[in-house]
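Each remark here refers to the structure printed beneath this line.
Bear in mind these aren't lab numbers, they're just calculated from the coordinates by the rules spelled out. Everything numeric here is computed off the predicted structure, so don't read it as measured data. When we count neighbours, we look across all protein chains shown, and the Cβ atoms used for this are built from the backbone with ideal geometry, even at glycine.
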């Protein structure tokens, strides 16, 4: 077949790009425009091989092989297929497992079936040498692309370089068309854009029921023994508005000088920022609100899953919008929508828990120790409220823009 295929080792491509642009191979140091990157790979492959593109295979690792938001965006792009290996943590570092084996299997299978005349490999791992040799024996021309090394040296296996039919280097000018370095304490990167609707949720005041117990605990807290001995008052750190996972861990296992929260207190992400007393029962107007699961038929559940896989990219704000759209469309009694709209910015606990469980399907728990990132939580809820505003014609979200 007179066409070309591109096999991309994302760990190599993005890690080498991070080394080149940010000085270290951590992918968290760069921002990637995946649409521009895929288009650049396609144009470059068709130009170098002089053959039309059949497909780009994107090989990457993910915790438990659960697609992350970037993988969900990539796999719905035209001519892109995502293959995921495992991502495991060892000695404080993340490592891919099974990605090289998957690339090797795909490379040899494509060559054996004569699916293409040219294969472009974007990788540096010498483990692919047997697969490259097998592809050549089946009459396929193998093009090896390297990312420009930060130190000017090779960042690929020399055996792999020697065996390739054609070699190219993706230089800094090409890389920066789709990848840029994030600023860490420098002056290059623009500040993140703030959303007025997220800011409104962050600025929601604590109720009096939450402030009173906090003040009592502050007054009753004993000083550190060493401070009392020296006759000096210990400086108490300012209370945080939203407890972090680290704070929660400390509260579950209180240290020597950490007061434990009362048994009646519970963390209500959905209602207030802080520890509040949970009422014995939910108010009737809240308890009567059906959850999305209660409103969804088996046929709708199947259709929802198809939509999640094929069209929902996994951006936290988008996830909140999709959930709200389905919930509102399936409500028979729209009085619930008006009631909920009046509760802004607090979402009832049952619905909020279902919303966050739905968001977890999109890989938003990755690297967070089973906790959704705080900013992602606010973005999810902001998307929920924005969609609710669109459905009810409420103008509060746009008033602050």
Report the far tail of the P(r) of the stretch 4-181, meaning the percent of Cα-Cα pairs longer than 22 Å.
41 percent
Report the extension gain between residue 151 and residue 35 in nm, rounded to one decimal, defined as 0.36 nm multiplied by the number of residues separating them, less their alpha carbon distance.
39.0 nm
Reduced Cα scattering model of the stretch 19-62, Debye log10 I(q)/I(0), q = 0.18 Å⁻¹:
-0.72
Multiplying the sequence separation of residue 357 and residue 77 by 0.36 nm and subtracting their Cα-Cα distance, what value in nm do you get?
98.2 nm
Residues in the stretch 161-175, backbone N under 16 Å from the label point at residue 129 (7 Å along the Cα-to-beta-carbon vector): list them, ranges by number please.
161-165
Antiparallel DSSP beta bridges within the stretch 4-181, as percent of all bridges there, nearest 5:
20 percent
